[in-house]
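Here is the structure we will look at.
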Amino acid sequence: MTERKRVSSGSPFEPKIGFSRAVRVGAHLHVAGTGPIWDDGSFDDDAGAQARRCLEIIVAALDELGASAKDVVRTRMYLTDAADIDAIGPVHAEFFGEAPPAATAIVVAGFLDPRWKVEIEADAIVG
């Protein structure tokens with residue numbers, strides 16, 4: 001049986017809902033939908049800054065499991081306003097640089113915290 005490794009980011013939603021920030025099974029890594037939570041619980045109102053925070057949390061989880069942004073093969077960006085893709089897209093491109101993953105942007109009605117404008121999830125394969 002392939003070993004499973006899990007990491008937590010410390011999000012208050014992880015124990016409340018019962019999920020891991022990221023799970024690695026063999027070479028495959030899956031990072032849960034990640035909201036823009038700063039360590040002190042604060043939020044930036046700017047959609048681009050929120051995307052940056054989501055991706056910082058994602059990259060930290062990948063790193064803890066032995067992967068990096070270059071190993072990401074797919075992302076899903078959930079937005080509450082389609083117009084925010086103009087601020088979120090360039091941040092996504094910055095994080096993935098020369099190895100852009102397959103990506104999807106989806107407009108949703110809202111998130112668990114109504115201050116969020118974006119939530120991002122990612123899948124990666126190492127090797």
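The values are calculated or read from the model by the stated rules, or taken from the named source; none is laboratory data. These numbers come from a predicted model, not from an experiment. Because the Cβ atoms are built from the backbone with ideal geometry, glycine has one as well, and the counts that use them run over all protein chains shown. Side chains included, ligands, DNA and RNA excluded: accessible areas come from the protein's heavy atoms. Shrake-Rupley method; radii C 1.70, N 1.55, O 1.52, S 1.80 Å.
So, of the residues in the range 97-114 that are surrounded by 14 or more Cβ atoms within 10 Å (Cβ to Cβ) and among the aliphatic types (A, V, I, L, M), which turns out to be farthest from Ile37 (Cα to Cα)? For the range 97-114, the residue satisfying everything is Ala103. For the range 70-93, a residue qualifies if it is outside any helix (DSSP H, G or I), under 15 Å from the mean Cα position of the chain (by Cα) and under 14 Å from Cys54 (Cβ atoms), and the qualifying residues are Val72, Thr75, Arg76, Met77, Tyr78, Leu79.
Candidates in the range 115-126 are the residues that are assigned to a strand (DSSP E or B) and crowded, with 19+ Cβ neighbours inside 10 Å; of these, the one that is nearest to the chain's Cα centre (by Cα) is Ile120. Note on the range 47-78: residues that are of a type in the set (D, E, K, R) and touching a residue at least 60 places away in the same chain (Cβ under 8 Å) amount to 0.
Out of curiosity, is Glu94 open to solvent by 60 Å² or more (accessible area, probe 1.4 Å), touching a Phe, Trp or Tyr at 6+ places or on another chain (Cβ under 9 Å) and without any contact (Cβ under 8 Å) to a residue 12 or more places away in the chain? So Glu94 fails the test. No other residue among Gly41, Gly18 is out of contact with any helix residue (DSSP H, G or I) (no Cβ under 8 Å at 6 or more places or on another chain), open to solvent by 50 Å² or more (accessible area, probe 1.4 Å) and of a type outside the set (Asp, Glu) apart from Gly18.
Quick one: what pairs do we get from the range 29-45, first residue aliphatic (A, V, I, L, M), second exposed (fewer than 13 other Cβ atoms within 10 Å of the Cβ), C-beta under 8 Å, 6+ apart or different chains? Cβ pairs passing all conditions: Ile37/Pro12.
Yes/no per residue for (1) in a helix (DSSP H, G or I); (2) closer than 27 Å to Gly89 by Cβ; (3) touching a strand residue (DSSP E or B) at 6+ places or on another chain (Cβ under 9 Å); (4) among the small types (Gly, Ala, Ser):
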site: Glu14; (1), (2), (3), (4): yes, no, yes, no
site: Gly33; (1), (2), (3), (4): no, yes, yes, yes
site: Pro36; (1), (2), (3), (4): no, yes, yes, no
site: Asp39; (1), (2), (3), (4): no, yes, no, no
site: Asp44; (1), (2), (3), (4): no, yes, no, no
